[in-house]
Structure formats: structure tokens, C-alpha cells
1. Might you let me know whether the range 360-376 holds any residue that is among the charged types (D, E, K, R) and buried (at least 22 other Cβ atoms within 10 Å of the Cβ)?
2. Taking the condition of being closer than 23 Å to residue 206 by Cβ and either within 16 Å of the ligand (Cβ to nearest atom) or surrounded by fewer than 24 Cβ atoms within 10 Å (Cβ to Cβ) (or both), how many residues in the range 264-282 meet it?
3. Can you tell me which residue among 435, 442, 389 is more than 25 Å from the chain's Cα centre (by Cα), crowded, with 21+ Cβ neighbours inside 10 Å and part of a helix (DSSP H, G or I)?
4. Select from the range 157-171 the residues that are touching a strand residue (DSSP E or B) at 6+ places or on another chain (Cβ under 6 Å) and either assigned to a helix (DSSP H, G or I) or aromatic (Phe, Trp, Tyr) (or both) and list them in ascending order.
5. Checking the condition outside any loop (DSSP other than H, G, I, E, B) and either more than 24 Å from residue 263 (Cβ to Cβ) or at pLDDT below 95 (or both), which residue from 323, 358 passes?
6. Among the residues of the range 367-384, which ones are β-branched (Val, Ile, Thr) and within 23 Å of the chain's Cα centre (by Cα)?
7. Looking at the range 172-184, which of the residues that are free of Cβ contacts under 8 Å to residues at least 24 places away in the same chain and either surrounded by 15 or more Cβ atoms within 10 Å (Cβ to Cβ) or touching a Gly at 6+ places or on another chain (Cβ under 7 Å) (or both) is nearest to residue 368 (Cα to Cα)?
8. Please go through the range 85-139 and pick out each residue that is aromatic (Phe, Trp, Tyr) and more than 14 Å from the ligand (Cβ to nearest atom).
Amino acid sequence: MGNPEHLFYKWGGGMDPDFPRIRRAYDEFLVTEDGRELVDAAAGAAVVNLGHSVPGVADVAGGQLDEVSYLSLSHFSHDAPEELAESLATAAPGDLNAAFFVNSGSEANEMAFKLARTYHRETGNPHKNTIIGRWQSYHGATLGALSATGNTTRRSEYEPMLHGWPHVPPAYPYRWSYDGTREEQAIAAARELETTIKQEGPETVAAFVAEPVSGASIPAAHPHPAYYEEIRRICDEYDVLFIADEVMTGFGRTGPMFAMERFDVVPDMMTLGKGLSGGYAPISATLVRDDVAAEFENGSGQSFAHGHTFGGNPLSAAIAAHVVDQYTDAVLETGRQRGEQLVSELASLREHPIVGDVRHAGAMIGIEFVADRDTKTPFDPDLNVNKRVYDRALEQGVYTYPGSGSVDGIAGDHLMLTPPLTISEESIERVADAVIDAVEHVAETVA
Ligand code: PLP
């Protein structure tokens, strides 16, 4: 047996190095080596949207491996990625009909950024290369994706290696200080993008990237729909491509199949990962609108110089095609109901002295902790409030997704809950009980 100390993935972000060892997983449960059954209220990291027992995956995987295990998509094609591309085009809003396959959410965003640059070169704008992101966002760990990322905690160590791309404030109604109605505030927030495009020079800006509903950095934060309508107007006016990063929000997580459907706005590109294979294989995708894709087909003939050895891998693509078929209307409806049930069972937390905000979109719930509810002052990061809530909930048998806002005090500690859409009502009760207990327990120690 190998020495677990040699496993380099114990990066942990401050988590306990003695992670529980998991022997097996089924439905919404993780079973530890010592026989404890934990409820996976995080669905991995919002990955296992259908739970850990998706029927038919093993047969699909076996069948694919018997047929063809690997092909380079630079020179060949085959059924699995073609079928997957077709079903994503059918599922995606508007004319997001072209799909490129890579292996992770980070790579899908890298791909989108490069596609944006090449699209603009093809359309006669070779200087449009800047990507604008938002503060308190997460788009991935690779250097391009991290450059667009606005989560300062995740950026700080690698800051000297990142592009100097600008960021606009997040879509974070809880901490907005704009005047007016929710709609007016949303429009004011969106106009920060217009200001930044003008400051940078529109002739240099290639794309704006945003999580439609924020994920790991400020979980479940989302604006009034007027925000994305205004973003769409601004992007059209300045010839800036709008990339919706749906790596976490895709596949029913926030209610509809894709979070942009909540806002009725079609982006120019959409990046997908996580729930695309439900965790059964590494695969991600960049979906592109017809008019953008057409520039590659009808353009100068200069090839799009980008690819990954395992992009569109037959095994991953076949599994993903099977998994995507399982996101039926009934499954999405169950996810919405379980999300509603969970927020209503957590209702008492809305008045809790250390809770500033409880927000949700479908089956994505964010609980933000504050030292002072009136001033919304975050806790001192050294108190590790999010980790302590996480630890206590885990002791009670519930796995959650903790996070801290930032090193610069823009946001508070928080806990994200993203259970499988298929979780049972009984397990939702277990999750709510454990989280309430954990918050009360930690509140006693920080009061
Ligand atoms: N984009 C979003 C919104 C994410 O939440 C994540 C990961 O959590 C990523 C991109 C990066 O995906 P990956 O970890 O698969 O590279």
C-alpha cells in the first residue's frame, strides 16, 4: 500500500489533513472506512448533481472501452463527442450550438478566452485581447483562468504570474451600496462593466466572464434579471463577448438546466464542467453561439491553435452523453423542491446573530456569517468560522462546502450547500439539523 503522505492533493486550503477515508459512495451518501455514513450535502464540489448511483454508467463505460478507448480529435471523429455535442446544443439556450470539449472547468474557460481573441482577430480586431472578470469570482486554477478570477485568496500566491486583467464589482446584492430599487441597483452594478470597458479602451477588450449565480466565492449570490439584460446591452454595444461560466451552475443546480435561463439572456459562450459528467469522468465543454463559431468556419483559414490530448476523450464523452440524458424535467423539479425545502428548514438561521444572509437559487444555498449583522462586518479570518462550522457539521455526519470571502474583508465567511438534486427529503432534514447545530455551536465559541 502506498504512503498517503505522498499524495500531493492534500492541498486542503486549511482543512484538517486527516481527511476521512471514503470506502464507497451511493445515492447522497459517502461511507467512511470505519462505517460512518455521511450525507454529501456538497455533491462533491457541486459535481455529483445526480448522486453517486447513476444507473447505466458502468454499462456505457464498458461498451465504449470495448469499442474505442482513445482517438485524437485533431485527426478523427467518432460518435461519443458528436452525440454529446448534439445533446448539449439541444439543451442549451438560444443558438449556443457549437461545442469544444476539454477536461476541466479551468480548461473550458481558457478555451473560451482564446476563442474570444481569435474571433476578434478574424473579425478585424486584433487588439481585442483583454478579459474582464469580477471580484469574488472563481474561474479556475490555471493561470489564464486564475487571471480572470477575482477571489483574492486564491489569487494571492500567484499574483506575480497573472495577467493584469481588470475586474468589476461582483453581482452581490447583500453588499451593494447602490441607491434605488433592486432593479436600479442591478443596472448600476452592470454599468460598472461599461465604465471599465471605456477606461480600458473598447478596442482592447475581448470578453467579459461571469458566473451567472456566484459559486464558491460568494455562494448563491445573484442579481435582479435587469443586471444581465444590461450586461448583454453593454457587451453588444462595445463588441465584447459575454462568457457565462456555468461550470458550477449548469445542469439543474440553480433550478433550470442552465442558470442563464433564470435571466432569459443568451451569452456568446457558455463553459460547462462538473455536473456534465456528474463526477463520473473528467470532461468539460465550451459552447459557442452560431455567429461566433461561423467566424472560425468561414474565416481566414488560420487554424485555432488550441487543443488538449484528452479533449473529447471517447470514455468521458460517452459517459457525459449518458449523464446529460438523466437531467430530465422531473429531476430538475426534484432539485428545485429540495432546494426550497432546505432553505425553509434553515429559516431560523435568518435571524441568527452570526448569520448575515441566507440566499439560494434552486439547490444552491449560501449562508454568510458576520460578526455584526447591522454593519455586515465579516469575522476576523483568523477565527476560521467557516472551517469550524464545516468541522462541526461533519462531526454530525454532513459534508458541506465552506469558504472564506477574502483576505481584504470584502466578504464574510460562508458555507455553501449544493446537495445532489435527487437527495431524499429525510436527508435534507438531516442536513438542516446538522447545519443549524453547527452554527449554534460555533456562535457560542465566537460570541
Ligand atoms: N468555474 C467555476 C464557476 C467553478 O466553480 C470552478 C471550480 O470550482 C471552475 C471554473 C474550475 O473548474 P475545474 O476545477 O474543473 O478546473
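The values are calculated or read from the model by the stated rules, or taken from the named source; none is laboratory data. Since the model is a prediction, treat every value here as computed from it, not as a measurement. Don't worry about glycine lacking a Cβ; one is built from the backbone with ideal geometry, like all the others, and counts go over all protein chains shown.
1. Looking for residues that are among the charged types (D, E, K, R) and buried (at least 22 other Cβ atoms within 10 Å of the Cβ), one finds at least one in the range 360-376, hence yes.
2. 8
3. Checking each option against the conditions leaves just 442.
4. 165
5. The unique qualifying residue is 323.
6. 367
7. 176
8. Within the range 85-139, 100, 119, 135 qualify.
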